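**Student:** If you scroll down you'll find the structure; I have some questions about it.
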Amino acid sequence: MKNIIIAIDGPAGAGKSTIAKIIAGKLGIEYIDSGAMYRAITLKLYQLRCDLNDEVSINQILEDTRIDFIKNSIFLDGKNVDEEIRTPMINENVSLVASLKIVRQKLVAIQQNIGKNKSIIMDGRDIGTYVFPHAHYKFFLTASVEERAYRRWKEMHEKGFQVNIKDIKEDIMKRDDMDTHREINPLYKASDAIEIDTTGKTMEVV
Ligand code: CDP
């Protein structure tokens, strides 16, 4: 079988990762969560209290950073950070870090490298438009902001975070705005992507 690349893009909470994991399981291919990579870098930069205007330091940190995916889990410098990258603090700061040119250059190179010799399904914001413009299959998932906020609230609530839905909705709208309007690789639907509005649909239907 030739290597296939499946790209799924869309705004926060549209259900990309849930769908991508199901498809990866069915096809027996690897799932790569590109958002988790931006989250992991955000975690590291904040842990090191790095000044986001200091390109030299950021570059050095990126050089010294290792990100691996093993069985749908993300490892930052050898440590599993699945939980740590999904806190409200990371939610609030990830889109700012993801707007930095040097961060994107580094992560896009890693993402393209992962897809070089194997079949993968990758979700994110710029996968079908920029990372893999020649992906074999492209999907763009959306849903109403209310539903996306509710889904994220439920997810966080189940993990034990005391969060209120209004704050989550605001965070999602702020991130959508930053992701859509940033200068480098903004979020938009590739002209050849299939758009699916997941509002009110179960994962099976989607
Ligand atoms: O899970 P959720 O949809 O909330 O977000 P995510 O996929 O974990 O991505 C977190 C953030 O990383 C996004 O809001 C973007 O700012 C950034 N991101 C990006 O810029 N490009 C990507 N390919 C993936 C994520």
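The values are calculated or read from the model by the stated rules, or taken from the named source; none is laboratory data. For clarity, every value in this text was computed on a predicted model and none was experimentally measured. Here the Cβ positions follow ideal geometry from the backbone for every residue, glycine too, while neighbour counts run over all protein chains shown. Ligands, DNA and RNA are excluded from the accessible area calculation, which covers all protein heavy atoms including side chains. Shrake-Rupley method; radii C 1.70, N 1.55, O 1.52, S 1.80 Å.
**Student:** Might you check whether a residue that is under 17 Å from the mean Cα position of the chain (by Cα) and over 17 Å from P11 (Cβ atoms) occurs anywhere in the stretch 161-176?
**Tutor:** Scanning the stretch 161-176 turns up no residue that is under 17 Å from the mean Cα position of the chain (by Cα) and over 17 Å from P11 (Cβ atoms).
**Student:** With the requirement that a residue be open to solvent by less than 60 Å² (accessible area, probe 1.4 Å) and among the aromatic types (F, W, Y), what does the stretch 28-87 give you?
**Tutor:** Hits for the stretch 28-87 are Y31, Y38, F69, F75.
**Student:** Would you point out the residue of the stretch 121-147, among those that are in a loop (DSSP other than H, G, I, E, B) and open to solvent by less than 20 Å² (accessible area, probe 1.4 Å), that is nearest to the ligand (Cβ to nearest atom)?
**Tutor:** D126
**Student:** Also, quick follow-up: Please verify whether R175 is within 12 Å of the ligand (Cβ to nearest atom), open to solvent by less than 50 Å² (accessible area, probe 1.4 Å) and touching a Pro at 6+ places or on another chain (Cβ under 9 Å), treating the condition exactly as stated.
**Tutor:** yes
**Student:** Then there is this: Please work out which residue is surrounded by the most Cβ atoms within 10 Å (Cβ to Cβ), limiting yourself to the stretch 181-206 and to residues that are closer than 15 Å to D9 by Cα, of a type in the set (S, T, Y) and touching a residue at least 40 places away in the same chain (Cβ under 8 Å).
**Tutor:** So, considering only residues that are closer than 15 Å to D9 by Cα, of a type in the set (S, T, Y) and touching a residue at least 40 places away in the same chain (Cβ under 8 Å), the one surrounded by the most Cβ atoms within 10 Å (Cβ to Cβ) is T198.
**Student:** How many residues does the stretch 51-110 hold that are farther than 23 Å from T129 by Cα, polar (S, T, N, Q) and either assigned to a loop (DSSP other than H, G, I, E, B) or more than 13 Å from the ligand (Cβ to nearest atom) (or both)?
**Tutor:** Selection size over the stretch 51-110: 9.
**Student:** Which of the residues that make up the stretch 1-29 are more than 24 Å from K169 (Cβ to Cβ) and part of a loop (DSSP other than H, G, I, E, B)?
**Tutor:** M1, K2, N3, I4, G28, I29
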